[in-house]
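Down below is the structure, laid out as structure tokens.
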Amino acid sequence: MVSKIFEHAILIRFADYFSTSDHQFGFKKNLSCSHVIYCVRSAIEHYIDNKSTVNICTVDLSKPFDRMNHFVLFIKPMDRKLPIQLLNLFVLWFGISETCAR
């Protein structure tokens, strides 16, 4: 619960630094897997209707994500000129956070 309040406060204060692409569906309010499926199906149907070939490749990145150096993820906020104090706070917060699954 504390994490949710913290994240919400950060988002309100620094929202300008956290813009996303319209092509991102994960971790966005009011979007789900069904929106991605609809988008992919629409693209496939468009090419099929125009007598074109469609090839699809999917990759499950959950395992590589678990094994990667997560601090590399801080490069993007650095590129967006995130205030150094906030970046340091994220590094600290990330470093002390734990997750467990049951």
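Compared with the direct C-alpha span, the chain from D79 to H35 gains 12.9 nm at full extension, assuming 0.36 nm per residue. Remark: L87, L31 ranked as L31, L87, counting other beta-carbon atoms within 10 Å and listing the fewest first. For an R0 of 35 angstrom, estimate the FRET efficiency from the Cβ-Cβ distance between S52 and F27 and round to the nearest 0.05. After rounding to 0.05, the efficiency reads 0.65. Screening the chain for DSSP H helices whose Cα atoms reach 15 Å or more along their own axis and whose mean Kyte hydropathy is at least 1.0 gives 84-96. For the chain, the convex hull spanned by the alpha carbon atoms encloses 173 Å³ per residue.
Between V91 and I5, how high is the FRET efficiency from 1/(1 + (r/R0)^6) when r is the Cβ-Cβ distance and R₀ = 22 Å? Nearest 0.05. Before the final figure, lay out each step's value.
Details: r = 20 Å, r/R0 = 0.89.
Efficiency, rounded to the nearest 0.05: 0.65.
Read the figures in this text as sums done on the coordinates, not as results from a lab. Bear in mind the structure is a predicted one, so any value in this text is a computation, not a measurement. A quick note on method: Cβ atoms are made from the backbone with ideal geometry, for glycine too, and the neighbour counts reach across all protein chains shown.
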